[in-house]
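This report refers to the structure that appears directly beneath it.
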Amino acid sequence: MDEKDREILHLLEENGRLPLPELAASLALSGDEVEERIRALEESRVIRKYTAVIDWERAGVSRVSAIIDLKIAPERDFGYDKIAERVARYRQVKALYLVSGVYDLQLLVTGMDMNEVSRFVSEQVATMDHIRETATHIIMKIYKENGNPFFEKEGGERLPISF
């Protein structure tokens with residue numbers, strides 16, 4: 001991987017639908033070369049997936065998201081990995097992180113309503129072996145996700161300044 005590959009990754013991370021000619025022009029490469037580099041990045045699983053960031057509220061779809069913190073008793077010889085693999089299999093889990101601090105794992109989960117999220121935590125996650133404690137934080141409003149702001153400033157809006 002060289003600097004051009006990293007530039008491709010940055011550009012695609014900003015806009016995964018950037019047309020190939022535009023990508024090539026901004027990198028001063030041929031379209032064929034950019035296409036070959038992207039294919040190599042996909043095959044090596046550096047590029048894992050292309051996806052869209054959806055504003056579900058604007059789409060009129062009711063969803064509840066929550067951050068779930070987990071305290072874990074790590075498994076001998078496997079640490080947190082086996083537990084994380086089990087938790088990651090659930091469709092409700094959108095993201096899963098090993099974190100520092102009081103808790104060990106942090107999940108981002110979604111459900112159709114609070115009851116679905118609550119049932120998922122109490123029936124599926126909290127009952128797993130090696131899970132010692134959970135803390136659930138309901139996401140009340142999304143302001144920014146995957147680097148994309150979910151609010152729009154009105155044109156000409158000025159910042160307040162006081163002296």
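Per the Debye formula with a single identical scatterer at each Cα and no solvent contribution, what log10 I(q)/I(0) holds for the chain at q = 0.08, 0.12, 0.16, 0.21 Å⁻¹?
Listed by q, the Debye log ratios stand at -0.39, -0.79, -1.03, -1.23.
At a 10 Å Cβ-Cβ cut-off, how would you order Met140, Met112, fewest neighbours first?
With the fewest neighbours first, Met140, Met112 line up as Met140, Met112.
On average, how much area does the Cα convex hull of the stretch 1-78 cover when viewed from any direction, in nm²?
For the stretch 1-78, averaging the hull's shadow over all directions gives 9.1 nm².
Using Cβ contacts closer than 10 Å as the measure, can you line up Ile68, Ile138 from fewest to most?
Ile138, Ile68
Can you give the relative contact order of the chain as a percent, counting alpha carbon pairs under 8 Å and 6+ residues apart?
That works out to 21 percent.
Report, in whole Å, the centroid distance computed from the Cα atoms of the stretch 116-134 and the stretch 79-98.
Computed from Cα coordinates, the inter-centre distance equals 12 Å.
For the chain, take the longest principal axis of its alpha carbons; what is the angle in degrees between that and the long axis of helix 3-14, to the nearest 10 within 0 to 90?
It is inclined by approximately 60 degrees.
What is the Rg over Rh value, at two decimals, for the stretch 3-43, using alpha-carbon atoms and the Kirkwood definition of Rh?
Reported Rg/Rh, Kirkwood definition of Rh: 0.90.
Please compute the alpha carbon radius of gyration of the stretch 38-112, then divide it by the globular-protein estimate 2.2 N^0.38 Å. Two decimals is fine.
Ratio of Rg to 2.2 N^0.38 Å for the stretch 38-112: 1.39.
Using only helices, what value at 222 nm comes out for the chain when you add -39,500 (n - 2.57) per DSSP H run of length 4 or more and divide by the total residues, to the nearest 500 deg cm²/dmol?
-8500 deg cm²/dmol
Pull up the cross-link candidates among the lysines for Lys71, meaning alpha carbon to alpha carbon under 24 Å and not fewer than 8 places away within one chain.
Straight-distance partners of Lys71: Lys82, Lys94.
Each value in this text was obtained by applying a stated rule to the coordinates, not by laboratory testing. Values in this document were obtained by computation on a predicted structure and should not be read as measured data. With ideal geometry, Cβ positions are generated from the backbone for all residues, glycine too; neighbour counts draw on all protein chains shown.
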